[in-house]
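For reference, the structure is listed below as structure tokens.
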Amino acid sequence: MQFGRYYEEFEVGAVYRHWPGKTVTEYDDHLFCLLTMNHHPLHMDAHYAESATHFKRNVVVGNYIYSLLLGMSVPDVSGKAIANLEVESLRHVAPTFHGDTIYGETTVLDKRESGSKPDRGVVSVETRGYNQDGTMVCVFRRKVMVPKKEYAAAAAPEGVDPERPSFPEPR
């Protein structure tokens, strides 16, 4: 199974549908909130959400949805990345609730060779996340620096396949 892509393997306009989707549980949301110290009652307090908000239930914290979609895209987009250069934009366009299932897809917007290093290029992508009903919940654009295939193979030590690094022998 391929994990990530080399610069030459990206085509402008290509769409990668990420699989599998992820059903967001209350536990996932609360754990992410606690780990990131986001204790807003909209995410953590069911009574508050029911009695004091427009949604009448907890809303999943948006940065979890962004992180989930970013992670979903790694095998298709940035699995071989040298660096994630920037997130150009991030929009949460609809709420996500406990029990929703998130699916993601990424479109290649642009690619250019590095101006300073011939062994790499920069790929611009847009990732969109949808819930089980097809409602877009999150969209973001980012730039990823990826290696060129010919240089990756040449840079690998003798006997090492850059596609499948070896593991240490068990003792």
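Pop the C-beta distance of residue 36 and residue 97 into the FRET formula with R0 = 25 Å and round what comes out to the nearest 0.05.
On the way: r = 19 Å, r/R0 = 0.76.
After rounding to 0.05, the efficiency reads 0.85.
Could you tell me how many degrees, from 0 to 90 and to the nearest 10, lie between the Cα long axis of helix 26-35 and the main elongation axis, the longest principal axis, of the Cα atoms of the chain?
Value to nearest ten degrees: 70.
Given R₀ = 30 Å, what would the calculated FRET efficiency be for residue 23 paired with residue 150, taking r from the Cβ atoms and rounding to 0.05?
Given R0 = 30 Å and the Cβ-Cβ separation, E is 0.15.
Tell me, what is the 1.4 Å probe accessible area of residue 136, in Å² to the nearest 10?
60 Å²
Which aspartates and glutamates, if any, have their Cα less than 17 Å from the Cα of residue 148, not counting same-chain residues under 8 positions apart?
Once the sequence-local aspartates and glutamates are set aside, what remains near residue 148 is 8, 9, 11, 76, 110, 113, 119, 161, 163.
Would you work out which of 78, 21, 98 lies farthest towards the positive end of the dipole of the chain? Charges go on Cβ: Lys and Arg +1, Asp and Glu -1.
78
Calculate for the chain the 222 nm mean residue ellipticity that helices alone would give, adding -39,500 (n - 2.57) per DSSP H run of length 4 or more and normalising by residue count, nearest 500 deg cm²/dmol.
The helix contribution divided over the chain gives -6500 deg cm²/dmol.
Among the listed pairs 22/149; 22/143; 117/143, which have their C-alpha atoms separated by more than 28 angstrom in this model?
Table pairs above 28 Å Cα-Cα are 22/149.
Quick check: the angle from helix 62-73's long axis to the longest principal axis of the chain, C-alpha only, nearest 10 degrees?
Around 30 degrees separate the two axes.
Evaluated at 37 °C with a viscosity of 0.692 mPa s, what Stokes-Einstein diffusion coefficient in µm²/s does the chain have when Rh comes from the Kirkwood expression over alpha-carbon pairs?
183 µm²/s
Give the separation of the Cα centroids, the range 40-65 to the range 101-149, in Å.
The two parts, judged by their Cα centres, are 30 Å apart.
Using the Cβ atoms and a cut-off under 12 Å, what net charge is assigned to the surroundings of residue 68, where Lys and Arg are +1 and Asp and Glu are -1?
On the way: positive: 22; negative: 28, 29, 100.
Residues close to residue 68 contribute a combined charge of -2.
Multiplying the sequence separation of residue 169 and residue 11 by 0.36 nm and subtracting their Cα-Cα distance, what value in nm do you get? Don't jump to the answer; show the numbers that get you there.
Numbers: separation 158, 0.36 × 158 = 56.88 nm, distance 3.81 nm.
Once the chain is fully extended between residue 169 and residue 11, it gains 53.1 nm.
The values are calculated or read from the model by the stated rules, or taken from the named source; none is laboratory data. Quantities reported herein were computed from a predicted structural model and do not represent experimental measurements. Using ideal geometry, Cβ is built from the backbone for each residue, glycine included, and neighbour counts are taken over all protein chains shown. Just so you know, the surface numbers come from the protein's heavy atoms only, side chains and all, with ligands and any DNA or RNA stripped out. Shrake-Rupley method; radii C 1.70, N 1.55, O 1.52, S 1.80 Å.
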